Amino acid sequence: MTQVSNWALNDEVWDRIFNLFVATLASTKDKQKFKGFVEDFFSPTERIMFAKRFACAVLLSKGNDYLTIRKILHITPPTIAKVNLQIRYAGAGLKPVLSDVIRKHNFEILLEEIKDLLDLPGTKIYDGERFGRQYQRRKKIRKLKKRF
């Protein structure tokens, strides 16, 4: 359970520090810089917790059931239910981010499928290179579809 101080912050102070925190996260464009910030700022347990919660939200948005999510992420059904409730009823900030993640993932799959369609045969009847490329591309598409 996360520990929070018994002394409540003044609303004005809370707004200022929270806005500073969000602005700092939003302004960090460099992936390595952001990764370093997260690794230094959050404990290993917090990083795991946030990553699993976000992965759970992505999997729920893709329509996976509780049992599948539980097996993949090793989290309890109450945690999955909590994330599901957040997405369904209070996820005004979460839904756009999840749809961006899913859209990006679907775009990657679409690009690979288009590459597969545009790989036209050459002059040879049997072109081993082409079949090898198609095999690797279809394998990559299957892998992308299985990934969250």
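Details
- Top-ranked residue in the stretch 64-99 [being over 14 Å from the mean Cα position of the chain (by Cα) and of a type in the set (Gly, Ala, Ser); ranked as surrounded by the most Cβ atoms within 10 Å (Cβ to Cβ)]: GLY91
- Inter-residue pairs, beta-carbon under 9 Å, first in contact (Cβ under 8 Å) with a residue 40 or more places away in the chain and in the stretch 75-100, second in a helix (DSSP H, G or I) and among the polar types (S, T, N, Q), 6+ apart: LEU98/SER61
- Scanning the stretch 19-38 for residues that are surrounded by 10 or more Cβ atoms within 10 Å (Cβ to Cβ) and small (Gly, Ala, Ser) yields ALA23, GLY36.
- Contact map, the stretch 123-148: first residue among the aromatic types (Phe, Trp, Tyr), second residue in a loop (DSSP other than H, G, I, E, B) and at pLDDT 75 or above, Cβ cut-off under 6 Å, separation 6 or more or different chains; the map is empty.
- The set of residues in the stretch 39-63 that are free of Cβ contacts under 8 Å to residues at least 40 places away in the same chain and either surrounded by 15 or more Cβ atoms within 10 Å (Cβ to Cβ) or assigned to a loop (DSSP other than H, G, I, E, B) (or both) comprises PHE42, SER43, MET49, LYS52, ARG53, PHE54, CYS56, LEU60, GLY63.
- Qualifying residue in the stretch 87-102 (condition: assigned to a helix (DSSP H, G or I), modelled with pLDDT of 70 or more and over 29 Å from ASN64 (Cβ atoms)): no
- Restricted to the stretch 12-38, and to residues there that are charged (D, E, K, R) and assigned to a helix (DSSP H, G or I), the residue that is nearest to ILE87 (Cα to Cα) is ASP15.
The values are calculated or read from the model by the stated rules, or taken from the named source; none is laboratory data. These numbers were taken from a predicted model, which means no experiment stands behind them. In this analysis, Cβ positions are derived from the backbone assuming ideal geometry, glycine residues included, and neighbour counts consider all displayed protein chains.
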